[in-house]
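K.L.:
Before we start, here is the structure in question, set down as structure tokens.
Nothing in this text is a laboratory measurement; each read-out follows from the coordinates by a stated rule. Fair warning: this is a prediction, and the values are worked out from it, not measured in the lab. Note that we place each Cβ from the backbone using ideal geometry, even for glycine, and neighbour counts take in every protein chain shown.
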Amino acid sequence: MRMLFKQRFFSWFDSYDIYDEAGGVLYTVKGQLSWGHCLKIFDQYGAEAGTVKERIFTLLPRFEMYIGETYVGCINREFSFFRPRYNIDCRDWRVEGDFLEWDYTVTDGTGSCVATVSKELMHWTDTYVIDVRDPRDALQALMLVLAIDAEKCSRSSN
């Protein structure tokens, strides 16, 4: 399953549209005013599907993921020198990125690829392509991309 993640050009808060391969809207993401990032994910029918919330006052960035009201895990940035690394405490997933932080691979505990994420260049706003092996993992893969993008934005504004 392929998703196209596009940030909206004019928005006071983080706002994204997530499209399927045919160009239909799968999800809409809306940022909310809060301490740290808080991103609400809505499905194509407008129902809330998930939330990514940044925990503040932590040494390294930490984002909690919720599907509906159910906590499903968190994403922590790990200390590393050259390649960004993230640890996910749910589903035994792991994320590693390249030096420029534009491409990521999500693997499971056996080392099998769950999803790949790549940033498309030459766009006015952040645009990512998310390839997910199993469509049932699409929402959580999207949450990972949102958390990593929010962490990069926080880091660059400091």
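K.L.:
So which GluC sites (Glu not before Pro) in the range 13-115 pass both tests, a DSSP loop state and at most 11 other Cβ atoms within 10 Å of the Cβ? List each step's numbers first, then the result.
P.N.:
Working: sites: E21, E48, E54, E64, E69, E78, E96, E101; in loops: E21, E69, E101.
Filter output for the range 13-115: E21, E69.
K.L.:
While we're on this one: Simple spin-label model, 7 Å along Cα-to-Cβ: N87 to F42 in nm?
P.N.:
Taking the simple label geometry, N87 and F42 are separated by 3.6 nm.
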